[in-house]
Every structure is written in structure tokens, then in C-alpha cells.
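Novice: Next up is a structure, given as C-alpha cells.
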Number of protein chains: 2
Amino acid sequence: MNYNAHVKPGSPDSCEAWQLMVQLFFAQRANLPPLAAELELSPAQCHVLHLIEPGRPIPMGQLAETLACHASNVTGLVDRLESRGLVRRRPSPADRRVKVLVLTQTGSRLRTLLLDRMTTPPDTLGRLSVSEQRALVRILTRLLE
Amino acid sequence: MNYNAHVKPGSPDSCEAWQLMVQLFFAQRANLPPLAAELELSPAQCHVLHLIEPGRPIPMGQLAETLACHASNVTGLVDRLESRGLVRRRPSPADRRVKVLVLTQTGSRLRTLLLDRMTTPPDTLGRLSVSEQRALVRILTRLLE
DNA sequence: CTCAATAGTTGACATCATCAAGTATCAGGC
DNA sequence: GCCTGATACTTGATGATGTCAACTATTGAG
């Protein structure tokens, strides 16, 4: 038994901040299914669509790594997206084992729609002052580095 | 066709902030499966465990609402958690149709372990100054209101 | 050229999630 | 009391998500 299991790294403030982040994360997690359903997508498909940027082909393996899931799972996800005409597999010129994914026109439009809806800020964000909003932008930018 | 579909409510700053939040959200979403696997849980089970606070029984229906999923899905999720001895169904004294969920000792310990790991702040958070961390706490608190 | 490693697919299987239908209970009106 | 409609949960059917092991094709090192 590890009696130090409850001792966390990081300052008390950073722990408190991250606890709130986890709260927010779970709240957002519950938000995704209904939002996805409006576009006839699943949460996982939204995640994939979010990761394929238009004009920036991505190898399937890299997608699996970013999603932190098994490669064979990506095969199925892409199968369904491709059968809906949102995505296309293309051979990689550099390595014939690799297939890269590109968005179709339809896929690109749907992705824009999805990101548009997801990134519409909740009311609570609008109640912050402008300086607070800017502080948040600055802080989040550094968190994502 | 709604030609204003791309016009977002909220100030430019709040939109930018929320775009970053969505980035963070997807990154965290990819983080959950490996973390859950360490505890032999699925992401969905983590979400459920997070929502059942020790000593605070919650009706199954309320769980379905918070998860934004169908009631029958909760039945299956709870079946598996109960068969692992993490959760128990108990009849509600107020309404015999309702079953409330309580954590077992094991479930409570596992939940603590889970939240402990999830709320361990990433390195990037520790690189912020203390005043920035406090500002983040203040802002996130208001976002969750 | 051989051989281990890598990228992706396939099939088997558990979980997640929805829906429609069913049972039990509740709450209101008669 | 007794209907009747609504609510809480379960069941069974079905599709999506996810893992694993085994497979093919390709790469790259020796």
C-alpha cells in the first residue's frame, strides 16, 4: 500500500484549478452526445473530424495515437466516415504502407459546422469581464503549449 | 438556409477563449481511456463514478439526465458496476419506482483513486505563476456556476 | 536477400448507446 | 375506492465503439 497516494504534485492552487477543469471536462463530455446527434455524428466521429484539418492530410496511425486508441478502431471509424462521404483514404507518397486521411468538401463543411457549434461559448463565459476573458485566453494558450 | 449560421454570439474574446477550451476538452478526452484502463474502468464508468458522490445517493434517472443518455443505458452501466461490487442499487423510500445508487467501500476507494489521478495537474499548469493559477481558479469557478 | 519492425485490415468479442416494448408505481380525476 | 395517463426502470434487438490476435503488405537494417 502506498501511503503517499494522496499526496499530489503541484501547488495547492494548481490542484484546485485542475479539479475545476475536470469538473468542466465532465460537463462538456455530457454535452457532446446531443450536439453530435444534431449533425448525425457520434462523439468519437466528432473527435476524428476535429483532428482532420482541411488541407492537412493525416496518417491513420497518427490519428490512432492522438486518439489514444487501437489502430483497428481507427479502421472502423474511418470506414463509417468514408462510407458517408466525409473522408477519403489516400495512399501516402512517402510510404506505401501508410494511408492518409483527407476531408471531402462535405466533410469539411460538416467539420466547420461542428466546430462552430462546439465553440459557441456558454452564457457563463459572457458574464466574465473582457479583461478576465483575455486573461483566460492567455492562460489557456499556455496550458496547451 | 440560414445565412447567419456563421455569426456567433459572444464577444470575440469569449469566442477565442472557448475555442481554446474545446481544444483542451478534446485533448482531455483522449487522456481518459488510458487513465481509465489503469483502474480497469471504461471512460463511461469513470463518468458515472465521478457523478456518484459518497454518502449522496443519486436516482438512476438523474444519472441518465446528467449523462445526457438514455435510461436503459444507465441500466447496463450500473449492472456492470454493481457486478464488480463498486455500486449498489437501493430502493428509494420516497418513490418505489426509483432506485438510488450508492457507492460501496470499494467503489468509494476507487472513485478517490480516479479523481486523484484525473485532478493531478499537467506540467503546463505548474509553469503558470501563482497569481495566474488563482485567476484561473476564480474564472473557472464562475464558469461552472 | 533475409528478417524484424511497422501500417493497416480482418474477425471475434465486450462495452456503449439507442429504441421499442414491457412491468411496476405514482398521481390526478371520477 | 377505481381508471387513466405519466414516470422509473428493465429487457431484448441492433448498431457503434473499443480491444485483442492474426493476417498482408511494405519498409529498412544488416
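Novice: Relative to the first principal axis of the alpha-carbon coordinates of chain A, what is the inclination of helix A:130-143, with its axis defined by its Cα atoms, in degrees from 0 to 90 and to the nearest 10?
Specialist: Value to nearest ten degrees: 60.
Novice: Compute the label zone of B:ARG88 within region B:43-78: residues whose backbone N is under 14 Å from the point 7 Å along Cα-to-Cβ.
Specialist: Residues B:55-58 fall inside that zone.
Novice: In Å², rounded to the nearest 100, what is the total accessible surface buried by chains B and A against each other with a 1.4 Å probe?
Specialist: Chains B and A together bury approximately 6100 Å².
Novice: Also, I was wondering about something else. Determine the per residue accessible area of chain A with all protein chains present and a 1.4 angstrom probe, expressed in square angstrom.
Specialist: I get 55 Å² per residue for this part.
Novice: Rounded to two decimals, what ratio of Rg to Rh does region B:13-119 give with C-alpha atoms and a Kirkwood Rh?
Specialist: 1.04
Novice: Of B:GLN45, B:SER14, B:PRO91, which is farthest along the charge dipole of region B:13-119 in the positive direction, counting Lys and Arg as +1 and Asp and Glu as -1 at C-beta?
Specialist: Positive-end residue among those listed: B:PRO91.
Novice: Tell me the carbon and sulfur percent of the accessible area for region B:13-119, rounded to whole percent, probe radius 1.4 Å.
Specialist: Carbon and sulfur atoms account for 50 percent of the accessible area of region B:13-119.
Novice: Taking the inverse of the average 1/r across all pairs of different Cα atoms in the protein assembly as shown, what Kirkwood radius in Å do you get?
Specialist: Result for the protein assembly as shown stands at 21.0 Å.
Novice: Sticking with this one: Rounded to whole Hz and in sequence order, give me ³J(HN,Hα) for region A:21-33 from the Karplus expression 6.51 cos²θ - 1.76 cosθ + 1.60, θ = phi - 60°, writing x for Gly and Pro.
Specialist: Calculated HN-Hα couplings, in order: 4, 5, 3, 4, 4, 5, 4, 5, 4, 6, 6, 5, x Hz.
Novice: Determine how many Å³ per residue the convex hull of the Cα atoms of region B:60-145 encloses.
Specialist: Spelled out: Cα convex hull of region B:60-145, divided by residues, is 147 Å³.
The values are calculated or read from the model by the stated rules, or taken from the named source; none is laboratory data. Please read all numbers here as calculations on a predicted model, not as lab measurements. Cβ: placed from backbone, ideal geometry, glycine included. Neighbour counts: every protein chain shown. The area values use the complete protein model at the heavy-atom level, side chains included, leaving out ligands, DNA and RNA. Shrake-Rupley method; radii C 1.70, N 1.55, O 1.52, S 1.80 Å.
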